[in-house]
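Working notes, beginning with the structure itself.
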Amino acid sequence: MTTAPSITRRRARPRTALWVLVLPFVVMFVLFFVAPIVFALVQSMFATRNSGLGLGAPETVFVFVENYARAFDDPAFLASLGRLLVFSVIEVPLMVFTALSLALLIDSGRARAPRFFRVLYFAPYGVPGVIATLLWGFLYVPATSPVLQVLSSLGLDVDPLSSGNVLFAIANIALWGFAGYNMVILLAALDAIPTELYEAARMDGASAWSIIWNIKLPLVRPSIILVTVFTIIGTLQLFVEPLVLAPLTTAINSTFTPNMAAYNQAFAQGNPNLAAAMAVIVALIGFVFSFGFLRLVNRKGNRAW
(Lines give C-alpha, C1' and ligand atoms only; values in the text may rest on other atoms or scores of the structure.)
Protein backbone atom coordinates (compact mmCIF):
# COMPACT_ATOMS: atom_id res chain seq x y z
CA MET A 1 0.00 0.00 0.00
CA THR A 2 2.96 2.35 0.60
CA THR A 3 4.68 1.58 -2.70
CA ALA A 4 2.61 3.93 -4.92
CA PRO A 5 3.06 7.11 -2.80
CA SER A 6 6.82 6.51 -2.48
CA ILE A 7 7.15 6.15 -6.26
CA THR A 8 5.15 9.34 -6.71
CA ARG A 9 7.47 11.21 -4.33
CA ARG A 10 10.56 9.91 -6.16
CA ARG A 11 9.10 11.12 -9.48
CA ALA A 12 8.19 14.48 -7.98
CA ARG A 13 11.69 15.19 -6.65
CA PRO A 14 13.37 15.60 -10.08
CA ARG A 15 10.65 18.03 -11.14
CA THR A 16 11.10 20.04 -7.96
CA ALA A 17 14.87 20.14 -8.44
CA LEU A 18 14.37 21.15 -12.08
CA TRP A 19 12.14 24.07 -11.11
CA VAL A 20 14.59 25.17 -8.40
CA LEU A 21 17.37 25.28 -11.01
CA VAL A 22 15.29 26.91 -13.76
CA LEU A 23 13.27 29.39 -11.70
CA PRO A 24 16.08 31.98 -11.19
CA PHE A 25 16.66 32.06 -14.95
CA VAL A 26 12.94 32.41 -15.67
CA VAL A 27 12.61 35.28 -13.17
CA MET A 28 15.66 37.12 -14.57
CA PHE A 29 14.49 36.49 -18.16
CA VAL A 30 11.07 37.96 -17.44
CA LEU A 31 12.43 40.94 -15.48
CA PHE A 32 15.28 41.97 -17.76
CA PHE A 33 14.16 40.75 -21.21
CA VAL A 34 10.40 40.38 -21.47
CA ALA A 35 9.38 43.26 -19.18
CA PRO A 36 11.41 45.99 -21.01
CA ILE A 37 10.00 44.85 -24.36
CA VAL A 38 6.43 44.94 -23.05
CA PHE A 39 7.07 48.33 -21.40
CA ALA A 40 8.47 49.77 -24.65
CA LEU A 41 5.50 48.44 -26.64
CA VAL A 42 3.03 49.97 -24.18
CA GLN A 43 4.87 53.31 -24.06
CA SER A 44 5.01 53.49 -27.85
CA MET A 45 1.18 53.54 -27.98
CA PHE A 46 0.75 56.54 -25.70
CA ALA A 47 1.56 60.23 -25.98
CA THR A 48 1.67 63.17 -23.61
CA ARG A 49 -0.64 66.03 -24.57
CA ASN A 50 -1.06 69.43 -22.93
CA SER A 51 -4.58 70.56 -22.17
CA GLY A 52 -6.14 73.97 -21.67
CA LEU A 53 -4.22 75.74 -24.47
CA GLY A 54 -0.97 74.48 -23.00
CA LEU A 55 -1.65 75.87 -19.56
CA GLY A 56 -3.22 72.75 -18.05
CA ALA A 57 -1.56 69.67 -16.68
CA PRO A 58 -0.18 67.28 -19.33
CA GLU A 59 -2.28 64.20 -20.02
CA THR A 60 -1.19 60.77 -21.22
CA VAL A 61 -3.50 59.58 -23.99
CA PHE A 62 -3.73 56.37 -25.99
CA VAL A 63 -2.73 57.06 -29.62
CA PHE A 64 -2.25 53.44 -30.85
CA VAL A 65 0.15 53.60 -33.87
CA GLU A 66 0.42 57.38 -34.17
CA ASN A 67 4.00 57.38 -32.83
CA TYR A 68 5.00 54.79 -35.44
CA ALA A 69 3.49 56.96 -38.18
CA ARG A 70 5.42 59.99 -36.84
CA ALA A 71 8.64 57.97 -36.80
CA PHE A 72 8.24 56.89 -40.44
CA ASP A 73 7.25 60.46 -41.35
CA ASP A 74 10.52 61.82 -39.90
CA PRO A 75 13.11 62.29 -42.71
CA ALA A 76 15.99 62.22 -40.21
CA PHE A 77 14.87 58.85 -38.81
CA LEU A 78 14.42 57.39 -42.30
CA ALA A 79 17.89 58.67 -43.26
CA SER A 80 19.34 56.97 -40.17
CA LEU A 81 17.71 53.67 -41.19
CA GLY A 82 19.23 53.98 -44.67
CA ARG A 83 22.62 54.83 -43.17
CA LEU A 84 22.38 51.78 -40.91
CA LEU A 85 21.56 49.58 -43.91
CA VAL A 86 24.68 50.81 -45.74
CA PHE A 87 26.75 50.22 -42.61
CA SER A 88 25.38 46.65 -42.34
CA VAL A 89 26.36 45.95 -45.96
CA ILE A 90 29.91 47.06 -45.10
CA GLU A 91 30.26 45.54 -41.65
CA VAL A 92 28.59 42.10 -41.77
CA PRO A 93 30.56 40.48 -44.64
CA LEU A 94 33.78 42.18 -43.51
CA MET A 95 33.37 40.86 -39.95
CA VAL A 96 32.52 37.28 -40.99
CA PHE A 97 35.33 37.12 -43.57
CA THR A 98 37.94 38.51 -41.15
CA ALA A 99 36.93 36.25 -38.24
CA LEU A 100 36.85 33.18 -40.48
CA SER A 101 40.23 34.03 -42.05
CA LEU A 102 41.87 34.46 -38.63
CA ALA A 103 40.36 31.20 -37.38
CA LEU A 104 41.53 29.26 -40.43
CA LEU A 105 45.03 30.75 -40.17
CA ILE A 106 45.42 29.75 -36.51
CA ASP A 107 43.89 26.33 -37.17
CA SER A 108 46.07 25.68 -40.22
CA GLY A 109 48.78 23.91 -38.18
CA ARG A 110 51.44 26.06 -39.80
CA ALA A 111 50.84 29.10 -37.59
CA ARG A 112 53.57 29.75 -35.06
CA ALA A 113 52.51 30.43 -31.44
CA PRO A 114 48.78 29.90 -32.13
CA ARG A 115 47.85 30.39 -28.45
CA PHE A 116 49.61 33.76 -28.40
CA PHE A 117 47.80 34.98 -31.53
CA ARG A 118 44.50 33.60 -30.21
CA VAL A 119 44.86 35.77 -27.10
CA LEU A 120 46.21 38.72 -29.14
CA TYR A 121 43.22 38.78 -31.51
CA PHE A 122 40.73 38.25 -28.67
CA ALA A 123 42.21 40.96 -26.40
CA PRO A 124 40.40 43.95 -28.04
CA TYR A 125 37.08 42.37 -27.05
CA GLY A 126 38.02 43.05 -23.41
CA VAL A 127 38.35 46.79 -24.07
CA PRO A 128 35.08 48.67 -23.37
CA GLY A 129 33.47 50.15 -26.47
CA VAL A 130 33.77 53.73 -25.20
CA ILE A 131 37.50 53.35 -24.49
CA ALA A 132 38.13 51.67 -27.85
CA THR A 133 36.29 54.46 -29.68
CA LEU A 134 38.25 57.14 -27.82
CA LEU A 135 41.54 55.43 -28.71
CA TRP A 136 40.61 55.19 -32.38
CA GLY A 137 39.23 58.74 -32.26
CA PHE A 138 42.69 60.06 -31.42
CA LEU A 139 44.05 58.11 -34.41
CA TYR A 140 41.36 59.54 -36.68
CA VAL A 141 42.05 63.21 -35.85
CA PRO A 142 44.96 64.64 -37.92
CA ALA A 143 46.13 66.88 -35.03
CA THR A 144 46.74 63.90 -32.70
CA SER A 145 47.27 60.96 -35.06
CA PRO A 146 50.92 60.08 -35.81
CA VAL A 147 49.75 57.86 -38.68
CA LEU A 148 47.84 60.67 -40.41
CA GLN A 149 50.72 63.09 -39.81
CA VAL A 150 53.17 60.70 -41.50
CA LEU A 151 50.76 60.25 -44.42
CA SER A 152 50.34 64.03 -44.65
CA SER A 153 54.12 64.49 -44.81
CA LEU A 154 54.07 62.08 -47.76
CA GLY A 155 51.41 64.16 -49.49
CA LEU A 156 48.48 61.89 -48.59
CA ASP A 157 45.78 63.88 -46.80
CA VAL A 158 43.33 61.36 -45.32
CA ASP A 159 40.35 62.32 -43.16
CA PRO A 160 38.72 59.16 -41.72
CA LEU A 161 35.97 61.25 -40.09
CA SER A 162 34.79 62.99 -43.26
CA SER A 163 31.21 62.37 -44.36
CA GLY A 164 32.37 59.93 -47.05
CA ASN A 165 34.65 57.91 -44.77
CA VAL A 166 33.01 57.98 -41.35
CA LEU A 167 31.04 54.74 -41.85
CA PHE A 168 34.25 52.91 -42.74
CA ALA A 169 35.96 54.45 -39.68
CA ILE A 170 33.18 53.16 -37.42
CA ALA A 171 33.25 49.76 -39.15
CA ASN A 172 36.98 49.56 -38.45
CA ILE A 173 36.40 50.12 -34.71
CA ALA A 174 33.67 47.45 -34.59
CA LEU A 175 35.87 45.06 -36.56
CA TRP A 176 38.82 45.65 -34.22
CA GLY A 177 36.68 44.99 -31.16
CA PHE A 178 34.64 41.95 -32.19
CA ALA A 179 36.57 40.03 -34.87
CA GLY A 180 38.56 38.18 -32.17
CA TYR A 181 35.39 37.22 -30.29
CA ASN A 182 33.84 35.76 -33.43
CA MET A 183 37.15 34.09 -34.27
CA VAL A 184 37.04 32.18 -30.96
CA ILE A 185 33.57 30.84 -31.82
CA LEU A 186 34.80 29.61 -35.20
CA LEU A 187 37.99 28.18 -33.70
CA ALA A 188 35.94 26.12 -31.24
CA ALA A 189 33.99 24.70 -34.19
CA LEU A 190 37.22 23.91 -36.06
CA ASP A 191 38.70 22.21 -32.99
CA ALA A 192 35.64 19.93 -32.81
CA ILE A 193 36.30 18.47 -36.28
CA PRO A 194 37.72 14.91 -35.92
CA THR A 195 41.38 14.76 -36.96
CA GLU A 196 40.68 11.44 -38.72
CA LEU A 197 38.95 13.41 -41.48
CA TYR A 198 42.10 15.45 -42.13
CA GLU A 199 44.30 12.34 -42.11
CA ALA A 200 41.99 10.55 -44.56
CA ALA A 201 41.92 13.61 -46.84
CA ARG A 202 45.72 13.91 -46.84
CA MET A 203 46.06 10.18 -47.63
CA ASP A 204 43.81 10.82 -50.64
CA GLY A 205 46.14 13.62 -51.75
CA ALA A 206 43.89 16.56 -50.83
CA SER A 207 45.59 19.96 -50.73
CA ALA A 208 45.24 22.46 -47.88
CA TRP A 209 42.73 24.52 -49.89
CA SER A 210 40.73 21.38 -50.72
CA ILE A 211 40.56 20.45 -47.01
CA ILE A 212 39.35 23.96 -46.16
CA TRP A 213 36.73 24.01 -48.91
CA ASN A 214 35.43 20.44 -48.61
CA ILE A 215 35.84 19.66 -44.89
CA LYS A 216 36.34 22.72 -42.69
CA LEU A 217 33.86 25.17 -44.21
CA PRO A 218 30.94 22.68 -44.48
CA LEU A 219 31.44 21.44 -40.91
CA VAL A 220 31.71 24.93 -39.37
CA ARG A 221 28.76 26.25 -41.39
CA PRO A 222 26.43 26.39 -38.34
CA SER A 223 29.02 28.47 -36.47
CA ILE A 224 29.47 30.80 -39.47
CA ILE A 225 25.70 31.31 -39.50
CA LEU A 226 25.72 31.99 -35.75
CA VAL A 227 28.49 34.59 -36.15
CA THR A 228 26.59 36.22 -39.02
CA VAL A 229 23.39 36.49 -36.95
CA PHE A 230 25.34 37.91 -34.00
CA THR A 231 26.93 40.48 -36.32
CA ILE A 232 23.59 41.48 -37.86
CA ILE A 233 22.07 42.02 -34.41
CA GLY A 234 25.14 43.90 -33.15
CA THR A 235 25.24 46.09 -36.25
CA LEU A 236 21.61 47.16 -35.82
CA GLN A 237 22.45 48.22 -32.26
CA LEU A 238 25.07 50.73 -33.44
CA PHE A 239 25.17 53.52 -30.88
CA VAL A 240 28.34 53.90 -28.79
CA GLU A 241 30.87 54.43 -31.56
CA PRO A 242 29.08 57.29 -33.41
CA LEU A 243 27.99 58.88 -30.12
CA VAL A 244 31.61 59.08 -28.87
CA LEU A 245 32.99 60.19 -32.25
CA ALA A 246 30.29 62.87 -32.74
CA PRO A 247 32.24 65.68 -30.95
CA LEU A 248 35.21 65.03 -33.27
CA THR A 249 33.40 65.52 -36.57
CA THR A 250 30.49 67.31 -38.18
CA ALA A 251 29.63 64.20 -40.22
CA ILE A 252 27.81 62.67 -37.22
CA ASN A 253 24.69 64.40 -35.94
CA SER A 254 22.22 63.52 -33.20
CA THR A 255 20.18 61.30 -35.57
CA PHE A 256 23.08 59.53 -37.24
CA THR A 257 21.74 56.06 -36.33
CA PRO A 258 18.19 54.97 -35.34
CA ASN A 259 19.32 54.35 -31.76
CA MET A 260 20.83 57.85 -31.59
CA ALA A 261 17.57 59.28 -32.98
CA ALA A 262 15.61 57.44 -30.27
CA TYR A 263 18.09 58.60 -27.61
CA ASN A 264 17.71 62.18 -28.86
CA GLN A 265 13.91 61.98 -28.72
CA ALA A 266 13.94 60.49 -25.21
CA PHE A 267 16.52 62.69 -23.48
CA ALA A 268 16.88 65.85 -25.60
CA GLN A 269 13.40 66.35 -27.07
CA GLY A 270 11.54 64.95 -24.03
CA ASN A 271 9.40 62.54 -26.06
CA PRO A 272 9.97 59.03 -24.61
CA ASN A 273 6.87 57.64 -26.33
CA LEU A 274 8.19 58.44 -29.81
CA ALA A 275 11.60 57.12 -28.72
CA ALA A 276 9.94 53.84 -27.65
CA ALA A 277 8.27 53.56 -31.08
CA MET A 278 11.65 54.08 -32.80
CA ALA A 279 13.25 51.44 -30.57
CA VAL A 280 10.48 48.96 -31.38
CA ILE A 281 10.96 49.62 -35.11
CA VAL A 282 14.70 48.89 -34.82
CA ALA A 283 13.96 45.70 -32.84
CA LEU A 284 11.47 44.54 -35.50
CA ILE A 285 14.02 45.23 -38.26
CA GLY A 286 16.58 43.15 -36.35
CA PHE A 287 14.03 40.34 -35.96
CA VAL A 288 13.15 40.40 -39.66
CA PHE A 289 16.78 40.50 -40.82
CA SER A 290 17.95 37.74 -38.43
CA PHE A 291 15.12 35.31 -39.10
CA GLY A 292 15.11 36.19 -42.79
CA PHE A 293 18.78 35.25 -42.97
CA LEU A 294 18.17 31.99 -41.05
CA ARG A 295 15.29 31.12 -43.37
CA LEU A 296 17.48 31.86 -46.39
CA VAL A 297 20.32 29.59 -45.26
CA ASN A 298 17.89 26.83 -44.19
CA ARG A 299 15.93 26.77 -47.43
CA LYS A 300 15.29 23.57 -49.37
CA GLY A 301 15.67 21.40 -46.27
CA ASN A 302 19.38 22.24 -45.94
CA ARG A 303 18.92 23.12 -42.30
CA ALA A 304 21.93 24.41 -40.41
CA TRP A 305 20.03 25.76 -37.40
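Taking the range 41-62 as the range and being of a type outside the set (Ser, Thr, Tyr), at pLDDT below 90 and open to solvent by 90 Å² or more (accessible area, probe 1.4 Å) as the test, the residues that pass are 49, 50, 53, 55, 59. The set of residues in the range 187-202 being under 17 Å from residue 116 (Cα atoms) and surrounded by 16 or more Cβ atoms within 10 Å (Cβ to Cβ) consists of 187 alone.
Only one entry of 38, 27, 86 meets the criterion of being farther than 26 Å from residue 277 by Cβ, modelled with pLDDT of 90 or more and either open to solvent by 50 Å² or more (accessible area, probe 1.4 Å) or in contact with a strand residue (DSSP E or B) (Cβ under 9 Å, 6 or more places away or on another chain) (or both), and that entry is 27. All conditions in (1) surrounded by fewer than 17 Cβ atoms within 10 Å (Cβ to Cβ); (2) within 25 Å of residue 253 (Cβ to Cβ) hold for residue 115, with the sole exception of (2).
Take residue 169 and decide whether it is open to solvent by less than 80 Å² (accessible area, probe 1.4 Å), assigned to a helix (DSSP H, G or I) and free of Cβ contacts under 8 Å to residues at least 60 places away in the same chain. Please lay out each step first, then the result.
Details: open to solvent by less than 80 Å² (accessible area, probe 1.4 Å): yes; assigned to a helix (DSSP H, G or I): yes; free of Cβ contacts under 8 Å to residues at least 60 places away in the same chain: no.
Judged against the criteria, residue 169 is not a match.
From the list 250, 255, pick out the single residue that is in a loop (DSSP other than H, G, I, E, B) and under 28 Å from residue 50 (Cβ atoms). Can you show your working first?
Working: 250 fails: under 28 Å from residue 50 (Cβ atoms).
On inspection, the qualifying residue turns out to be 255.
The condition of being at pLDDT 90 or above, in a helix (DSSP H, G or I) and open to solvent by 30 Å² or more (accessible area, probe 1.4 Å) holds for only one of 284, 296, 274, that being 284. Every condition in (1) open to solvent by less than 80 Å² (accessible area, probe 1.4 Å); (2) over 27 Å from residue 250 (Cβ atoms); (3) in a helix (DSSP H, G or I); (4) in contact with a Phe, Trp or Tyr (Cβ under 8 Å, 6 or more places away or on another chain) holds for residue 121 except the one numbered (4).
On the basis of being within 18 Å of the chain's Cα centre (by Cα) and of a type in the set (Gly, Ala, Ser), does residue 270 make the cut? Considered against the rule, which asks whether it is within 18 Å of the chain's Cα centre (by Cα) and of a type in the set (Gly, Ala, Ser), residue 270 comes out as no.
Restricting attention to the range 124-148 and to residues that are in contact with a Leu (Cβ under 9 Å, 6 or more places away or on another chain) and outside any helix (DSSP H, G or I), the residue that is least open to solvent (accessible area, probe 1.4 Å) turns out to be 145.
The values are calculated or read from the model by the stated rules, or taken from the named source; none is laboratory data. Note that the structure is predicted; figures quoted are calculated from it, not measured. Using ideal geometry, Cβ is built from the backbone for each residue, glycine included, and neighbour counts are taken over all protein chains shown. To get the accessible areas, we keep the full protein, side chains included, count just its heavy atoms, and leave off ligands, DNA and RNA. Shrake-Rupley method; radii C 1.70, N 1.55, O 1.52, S 1.80 Å.
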